[in-house]
1. Inside region 164-193, can you point out the residues that are open to solvent by 20 Å² or more (accessible area, probe 1.4 Å), over 23 Å from residue 292 (Cα atoms) and not polar (S, T, N, Q)?
2. Take residue 183 and decide whether it is over 17 Å from the mean Cα position of the chain (by Cα) and either of a type in the set (A, V, I, L, M) or modelled with pLDDT of 95 or more (or both).
3. Which one of these does residue 195 not meet: (1) polar (S, T, N, Q); (2) out of contact with any helix residue (DSSP H, G or I) (no Cβ under 7 Å at 6 or more places or on another chain); (3) farther than 30 Å from residue 234 by Cβ?
4. With the condition being of a type outside the set (Ser, Thr, Tyr) and farther than 28 Å from residue 209 by Cβ, I'd like the strands (runs of 3 or more DSSP E) fully within region 320-388 carrying at least 2 qualifying residues.
5. Looking at region 134-146, which of the residues that are open to solvent by 30 Å² or more (accessible area, probe 1.4 Å) and touching a residue at least 60 places away in the same chain (Cβ under 8 Å) is nearest to the chain's Cα centre (by Cα)?
6. Based on what the data block shows, is residue 244 among the aromatic types (Phe, Trp, Tyr), over 28 Å from residue 2 (Cβ atoms) and surrounded by 14 or more Cβ atoms within 10 Å (Cβ to Cβ)?
7. Between 87, 173, which is under 23 Å from residue 250 (Cβ atoms), among the hydrophobic types (A, V, I, L, M, F, W, C) and either touching a Phe, Trp or Tyr at 6+ places or on another chain (Cβ under 8 Å) or assigned to a helix (DSSP H, G or I) (or both)?
8. With the checklist (1) closer than 27 Å to residue 166 by Cα; (2) part of a helix (DSSP H, G or I) in hand, flag the one item residue 309 doesn't pass.
Amino acid sequence: MSVAGFNLGEYASASFPSEAHSIDVYANRELEENLRKRVATDEIDALSLRSGRFGSPATGHAVAPPTPAPSPADALKQLGKEIDSSIRFYETFSGPFPFHNLSVSQIPGTFGQGWPGLLYVSTYSFLRPEAQQRAGLSPAGQEHFTELVPYHEVAHQWWGNVVAWSSYRDQWIDEAIANYLAVLFADTKKNPDHTLHVWLARYRQQLVEKLPGATEAAGDIGALTVGTRLNSSKSPTAYEEIIYSKGSWIIHMLREMLRQPGARNPDARFTALLQTLVKKYAYRALSTDELQHEVEAVMTHGMDLEGGLSMEWFFEEWVRGTGIPHYRVEFSTHHTEKGYEIRGKLFQTGVPRSFIASVPLYAGGAGHGALLGAVVAAGPETSFHFVAATSPHKIVVDPQMTLLCTSE
């Protein structure tokens, strides 16, 4: 191990042993002072509302007693079970859990980190939704600390503690894979508000909108390889906004390009890539160039947009470049003996003229139309030609969300 950490507290604990590993979860029975004050303020506000509506002892009406302060220790068993489930899920992608024991410990504030065999998890992740709300978390914050943070840190046991990064320019790799796997785990819970596509849509929105006080959209601020230098006085949170959102999209696009629909395991190629990285770069530093080389070793014919069995186009555009492409379609149809002939143009803006991408076009509504084909967009304008059995009323750009883009 190249790093080690510790945590100190007056903890309650619960253990979850299994044949391969054990999980120990630690939490305080009381909130830290900062959150106690927030909860107390919320309780005072609630009491004043109840008193105003239902009366007070002075008027002879009963007032509900104060709600007890939430205890992080109440979540020990549930969080431990979810952590164990996430480990089993991640093992299908990343291989066996790399340590014999994992200690999951509460830490004050919004901080989180995954050390080898030890997690620092924010107090917020130990609280139930109603307690999170009382502590001042917004709905988005509740989702973040409940659905992602603990499991993002679990994924770092492989991605960060086994496979390390070569320099600050390569740190995005571990953060992106860890975050994407956490999103995939959230998707397994079948909550319609936390599906993979919901998270990807949120990340896309983060990238195309301007940060508070910023002069440009997050996706245009800088490349992933700039690392923590993305932060500036103009965009103080740019690193987090870009690394996790765009990084997750990059891993998702690689997964989709390697995917084999209809196969017994559609993710076999993607899983093989991740497990190769874990085995080949175990306790070594992985660079962006080495990641590109490993992707090229498993790339399909459809990924070879420039020829030469190279993924240079992808890494130059998405990892070392900036910008999110925007697409617009114009088309006309003509009935022939073979069916309906569809001719049109795909317009690409928001990225350099040299930007290329394979853009899926569908006939019909989002998620329900038939695939017409993929157009390799090269430059501001690309012509296309399809033949279909029926005449499409409209053409939809990538409704399955396989490509980071916007469209109209």
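The values are calculated or read from the model by the stated rules, or taken from the named source; none is laboratory data. What you are looking at is a predicted structure, and each value in this text was computed from that prediction instead of being measured. Heads up, the Cβs are rebuilt from the backbone with ideal geometry, glycines too, and the neighbour counts pull from every protein chain shown. Surface areas here come from the heavy atoms of the whole protein model, side chains and all, with no ligands, DNA or RNA. Shrake-Rupley method; radii C 1.70, N 1.55, O 1.52, S 1.80 Å.
1. If the condition is that a residue be open to solvent by 20 Å² or more (accessible area, probe 1.4 Å), over 23 Å from residue 292 (Cα atoms) and not polar (S, T, N, Q), then 187, 189, 190, 192, 193 are the ones that fit.
2. Numbers: over 17 Å from the mean Cα position of the chain (by Cα): no; either of a type in the set (A, V, I, L, M) or modelled with pLDDT of 95 or more (or both): yes.
The answer is no for residue 183.
3. (2)
4. On the way: elements: 326-336, 339-349, 356-363, 370-378, 381-388.
In region 320-388, the matching strands (runs of 3 or more DSSP E) lie at 326-336, 339-349, 370-378, 381-388.
5. First, the residues of region 134-146 that are open to solvent by 30 Å² or more (accessible area, probe 1.4 Å): 134, 136, 138-140, 142-144, 146.
Within this subset, residues satisfying the condition of being touching a residue at least 60 places away in the same chain (Cβ under 8 Å) are 134, 136.
Numbers: 134: 26, 136: 23 Å.
Out of the qualifying residues, it is 136.
6. Working: among the aromatic types (Phe, Trp, Tyr): yes; over 28 Å from residue 2 (Cβ atoms): no; surrounded by 14 or more Cβ atoms within 10 Å (Cβ to Cβ): yes.
It is false that residue 244 is among the aromatic types (Phe, Trp, Tyr), over 28 Å from residue 2 (Cβ atoms) and surrounded by 14 or more Cβ atoms within 10 Å (Cβ to Cβ).
7. On the way: 87 fails: under 23 Å from residue 250 (Cβ atoms).
When all the criteria are applied, what remains is 173.
8. Going through (1) closer than 27 Å to residue 166 by Cα; (2) part of a helix (DSSP H, G or I) one by one, residue 309 breaks only (2).
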